[in-house]
Amino acid sequence: MSRRPLGPRPGIGYGHLVSTTPGAFVTKREWIIHPIPVERPEQGRLDRKVECATCGRELSMRVSSLEAARRRRQTWQVLAASGAAVAVLCGLLALVAGDGPGAALSLLGAAAGAVFALNVFMRSRLEDGVVMRRPTLTRMHGHMLRWPPQN
């Protein structure tokens, strides 16, 4: 889970994609990271338009209150833990089932639970109570929520 503390302002920023360098196995992306100039609301969530300091594009963000951000973090933690628990239980069931279709289905359930737990865990690392509202699901226009580098 995200180990960065929650505060009155979002700790996560928005990144503007500067360059992309394709490689043989890894594509390197370089980002300029800007802070989100919005205070958290007292309760609920707040939709705000933020202008990118690099390109001037208007970005729409939803910032949650401190309490709502804590609840979202806890929800992600519970989902990741339950996916891991399903993986472990299905793995144990596969050991007990021995050979046959029951063991194969149990191993399939263990693999699905492990993939789900890892996916949720990786998503939870970005959780700071901020969501970037995109115009479409597939077009990000070179912007993304990014944590600033720690010194």
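The values are calculated or read from the model by the stated rules, or taken from the named source; none is laboratory data. What you are looking at is a predicted structure, and each value in this text was computed from that prediction instead of being measured. All Cβ positions, even for glycine, are placed from backbone atoms using ideal geometry, and neighbour counts span all protein chains on display. Only protein heavy atoms, including side chains, enter the accessible area calculation; ligands, DNA and RNA are left aside. Shrake-Rupley method; radii C 1.70, N 1.55, O 1.52, S 1.80 Å.
Okay, here's what the table says:
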item: Size of electric dipole in the stretch 1-88: Cβ of Lys, Arg +1 and of Asp, Glu -1, about Cα centre, debye, nearest 20; result: 220
item: For T20, solvent-accessible area (1.4 Å; no DNA, RNA or ligand), Å²; result: 70
item: Under the Karplus curve 6.51 cos²θ - 1.76 cosθ + 1.60, θ = phi - 60°, whole-Hz ³J(HN,Hα) for the stretch 10-18, x wherever Gly or Pro sits; result: x, x, 7, x, 10, x, 10, 6, 9
item: Among P101, L145, A81 the positive-end extreme of the charge dipole of the stretch 44-149 (Cβ point charges); result: L145
item: Interchain or long-range residues, amide H under 5 Å from Y14's placed H; result: H34, I36, R146
item: Surface/4 estimate of mean projected area, convex hull on alpha-carbon atoms of the chain, nm²; result: 12.3
item: Cβ crowding within 10 Å averaged over residues, with 95-103, 124-132 ranked highest first; result: 124-132, 95-103
item: Charged-residue dipole, Cβ positions (Lys, Arg, Asp, Glu), the chain about Cα centre, Debye nearest 20; result: 400
item: Between helix 66-97 and the chain: long-axis angle, C-alpha atoms, 0 to 90°, nearest 10; result: 20
item: Acute angle (nearest 10 degrees) that the helix 101-124 long axis makes with the longest principal axis of the chain, alpha-carbon atoms; result: 20
item: Fraction of accessible area attributable to carbon and sulfur, the stretch 67-151 (%, probe 1.4 Å); result: 67
item: Sequence-distant residues sharing a close amide H with L59 (under 5 Å, placed H); result: V50, E51, C52
item: Accessible surface, per residue, of the stretch 6-109 when the full set of protein chains is kept, probe 1.4 Å, Å²; result: 65
item: Relative contact order %, the chain, counting alpha carbon pairs below 8 Å whose residues are six or more apart; result: 30
item: Spatial extent of the stretch 33-113: Rg and Dmax, with the Cα atoms as the point set, Å; result: 21.7, 61
item: Whole-angstrom Cα spans of the stretch 70-140 along principal axes, big to small; result: 49, 28, 12
